[in-house]
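A.B. asks: One structure coming up, written as structure tokens, with questions to follow.
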Amino acid sequence: MLLARIHIDRDELDAAYVRLARVLRSHPRNVDALYYLGLVTGQLAAEQFERVVEGAPASARAHLLLAESLTAQERRMEAEGEYEAALAANPDLVDAMLGLAKLKRIRLDCEGAVALYTKAEALDPSFDGAFGFGSCAVRQGDHASALVQFERA
């Protein structure tokens, strides 16, 4: 643990990760190691995200990653904009369709959500699409369709 903390202080995150993983192999419930591993992996993930965005700032994947990050922070309106930017860059990006559809469904725009779920399901049927369809059907009072979709999910 001490060596891992030293690596963290020196901003040597890869080395800190290796040390923390070693600690956790021998002591899987070490709360300190788990805490610092969370910090280190968060910083490593942020660095990777920045590299993706720097390498292709207008790419669909960069917008998708940013949208997912904003969604996790519950900044939904900004996330919707990023999902839309991802779809503008790649209209067939199913992950962006599903993410945007979910945000629309949350704010009770089932018409907009259903349109996105329909397109996503045509490209790649999934649990998320069927569940989203079912949720919108419940909100619209179509319980028979909801049951079919939930069973499909």
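A.B. asks: Being at positive phi and either in a helix (DSSP H, G or I) or not basic (Lys, Arg) (or both) narrows it down to one residue among Glu74, Glu54, Glu82, Glu50; which is it? Steps first, please.
C.D. replies: On the way: Glu54 fails: at positive phi; Glu82 fails: at positive phi; Glu50 fails: at positive phi.
Exactly one of Glu74, Glu54, Glu82, Glu50 is at positive phi and either in a helix (DSSP H, G or I) or not basic (Lys, Arg) (or both), namely Glu74.
A.B. asks: Also: Considering only residues that are acidic (Asp, Glu) and in a loop (DSSP other than H, G, I, E, B), look in the stretch 9-43 and name the one that is most open to solvent (accessible area, probe 1.4 Å). Give the derivation first.
C.D. replies: Pass one, the stretch 9-43, residues acidic (Asp, Glu): 9, 11-12, 14, 32.
So of that shortlist, the ones also in a loop (DSSP other than H, G, I, E, B) come out as 11-12.
Values: Asp11: 104, Glu12: 70 Å².
Step by step, filter the stretch 9-43, then rank; the result is Asp11.
A.B. asks: If I ask for residues that are part of a helix (DSSP H, G or I) and either touching a residue at least 60 places away in the same chain (Cβ under 8 Å) or open to solvent by 40 Å² or more (accessible area, probe 1.4 Å) (or both), which ones from the stretch 87-113 would you list? Talk me through it step by step, then tell me what you get.
C.D. replies: Of the residues in the stretch 87-113, the ones part of a helix (DSSP H, G or I) are 87-89, 94-106, 110-113.
Selection gives Ala88, Ala89, Asp95, Lys102, Ile106, Glu111.
A.B. asks: Of the conditions (1) within 23 Å of Ala46 (Cα to Cα); (2) surrounded by fewer than 17 Cβ atoms within 10 Å (Cβ to Cβ); (3) of a type in the set (Phe, Trp, Tyr), Phe127 fails just one. Which one is it?
C.D. replies: Result: Phe127 passes all but (1).
A.B. asks: Among the residues that make up the stretch 58-65, is at least one of them hydrophobic (A, V, I, L, M, F, W, C), in contact with an Asp or Glu (Cβ under 8 Å, 6 or more places away or on another chain) and under 19 Å from Tyr117 (Cα atoms)?
C.D. replies: Pass one, the stretch 58-65, residues hydrophobic (A, V, I, L, M, F, W, C): 58, 60, 62, 64-65.
Imposing the further condition that a residue be in contact with an Asp or Glu (Cβ under 8 Å, 6 or more places away or on another chain) reduces the set to 64.
This time we only want the ones that are under 19 Å from Tyr117 (Cα atoms), so: 64.
Yes - at least one qualifying residue is present in the stretch 58-65.
A.B. asks: So Ala46 ticks every box in (1) in contact (Cβ under 8 Å) with a residue 12 or more places away in the chain; (2) among the hydrophobic types (A, V, I, L, M, F, W, C); (3) open to solvent by less than 80 Å² (accessible area, probe 1.4 Å) but one. Which box is left unticked?
C.D. replies: It is condition (1) that Ala46 fails.
The values are calculated or read from the model by the stated rules, or taken from the named source; none is laboratory data. No experiment lies behind these values; they were computed from the predicted model shown. Cβ coordinates were reconstructed from backbone atoms using ideal geometry, including for glycine residues, and neighbour counts include every protein chain displayed. What goes into the accessible areas is simple: the full protein's heavy atoms, side chains included, and nothing from ligands, DNA or RNA. Shrake-Rupley method; radii C 1.70, N 1.55, O 1.52, S 1.80 Å.
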